[in-house]
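What follows is one structure encoded as structure tokens, with my remarks underneath.
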Amino acid sequence: MDIRISEQYVGRTLLSYLKFTLKISSACITKLKQDPHGLEINGTHVTVRYVLKFNDMLHINIDDSSDADNTNISPMPIPIDIIYEDENIFVINKPPFMPTHPSHNHHDDTLANALAFIYRERGIPLVFRPVGRLDKNTSGITVIAKNMASAAHFTNERKNNNVRKSYIAILCGELKQTNGFIDSPMKRQQDSVIMRTVCNLDEPGAMAAKTDWELLYSGNGISLVRAYPETGRTHQIRVHFQSIGYPLLGDDLYGQPSEYISRHALHAYNIYFTLPFSHESKHVVADVPDDIRNAFFSITGNDISLYLNT
């Protein structure tokens, strides 16, 4: 990454610029210091004590090195919908039924396999750095950091609640409230590796879980909601709505299968965040997939887009 130093940063040390302006983590700065080509000014290696001058060209070698390649991920030519890309991140509209990571039963049909193929075609090493993870059957926005510094940026932003992601869900039952807030701790359900349940915060294994939501449509035996999870617990949205008596349509784990859709009707719809290094505000929307659109239309006779104000 190359950055031209403007007049406002003249006189600052490179360390100060990296840490407080670009907000690069201490771990990433340490890695850059150890790389003989990690930090260069006008083509010459410098230390973090360098004092910036007007019009300096700063080069930061944030690319992952080949020794960090995820060689265990098989490249597979799987089509994926990349809805935003720059030199630091991908934002992908993940389809339903696609796992994020390879696992025991999914070796070559995951998002990681698809990206491994793209990276191989571009001739660069893959280090798979998803920012959060969607369940296999949940569709929508997935952010992938292309380098360690970008991953650290998102970790810090999420910790400070500066990443706002919303989900669209179809629920069984007609909600009467127009909005709500579910503050119910969660834990792993006893004798189950997969299932989660709400609990008291003082119970062993309990973790805080909070979901804000607003009603978009109610009628014909269903509700359409936009959910804003403030925490990122496994199955959080599914468990939270089931706990108040409105399980997700098609959720055969926490509710019932549906004739209208062959998975739980949950889609990561949009996200607000700041870009690494530039800290420019970004808003990305992922189109709702056909199975959720068709389910909503089959039940209500309406186009779901009429209710989705981004």
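The values are calculated or read from the model by the stated rules, or taken from the named source; none is laboratory data. Every value quoted in this text rests on a predicted model; they were computed, and no experiment measured them. All Cβ positions, even for glycine, are placed from backbone atoms using ideal geometry, and neighbour counts span all protein chains on display. Ligands, DNA and RNA are stripped out before the accessible areas are found, and what is left, the full protein with its side chains, is counted by its heavy atoms. Shrake-Rupley method; radii C 1.70, N 1.55, O 1.52, S 1.80 Å.
Observations, loosely collected:
- The length gained on full extension between Glu230 and His104, counted as 0.36 nm times the residue separation minus their Cα-Cα distance, comes to 42.3 nm.
- The calculated FRET efficiency for the pair Arg122 and Arg164, based on their C-beta separation and a Förster distance of 30 Å, comes to about 0.45.
- Cα long-axis angle, helix 290-300 against the chain (0 to 90 degrees, to the nearest 10): 30
- Looking at segment 121-222, the trypsin sites (Lys or Arg not before Pro) that sit in a DSSP loop and have at most 14 other Cβ atoms within 10 Å of their own Cβ are Lys176.
- Near-label residues of segment 278-299 by backbone N, under 12 Å of a point 7 Å along Cα→Cβ of Thr21: 278
- Antiparallel content of DSSP bridges confined to the chain, in %, to 5: 95
- Net charge dipole, segment 1-131: roughly 620 debye, given to the nearest 20, about the Cα centre with Cβ charges of +1 for Lys and Arg and -1 for Asp and Glu.
- Per-residue [θ]222 nm for the chain (sum of -39500 (n - 2.57) over DSSP H runs n ≥ 4, rounded to 500): -5000 deg cm²/dmol
- Solvent exposure, largest accessible area first (probe 1.4 Å, DNA, RNA and ligands not counted), of Met148, Met186: Met148, Met186
- Lysine-lysine proximity count for segment 108-253, Cα under 23 Å, sequence distance 8 or more or distinct chains: 12
- Approximate spin-label separation Glu87-His37, in nm, with each point projected 7 Å along Cα-to-Cβ: 1.4
- Met1/Glu214 FRET efficiency (R0 45 Å; Cβ-Cβ; nearest 0.05): 0.70
- Zone residues, segment 296-310, relative to His283, backbone N less than 12 Å from point 7 Å out along Cα-to-Cβ: 309-310
- Near-label residues of segment 14-46 by backbone N, under 15 Å of a point 7 Å along Cα→Cβ of Thr274: 17-25
- Relative contact order (percent, whole number), segment 219-281, Cα cutoff 8 Å, 6+ residue spacing: 16
- Label corresponding to P(r) over Cα pairs in 10 Å bins from 0, in percent when calculated from the structure given, among (1) 6, 21, 25, 24, 16, 7, 2, 0; (2) 5, 24, 33, 24, 9, 2, 1, 0, 0, 0; (3) 6, 23, 29, 22, 13, 6, 1: (3)
- Low-density loop cleavage sites - chymotrypsin sites (Phe, Trp or Tyr not before Pro) in segment 1-94, where at most 12 other Cβ are within 10 Å (DSSP): Phe54
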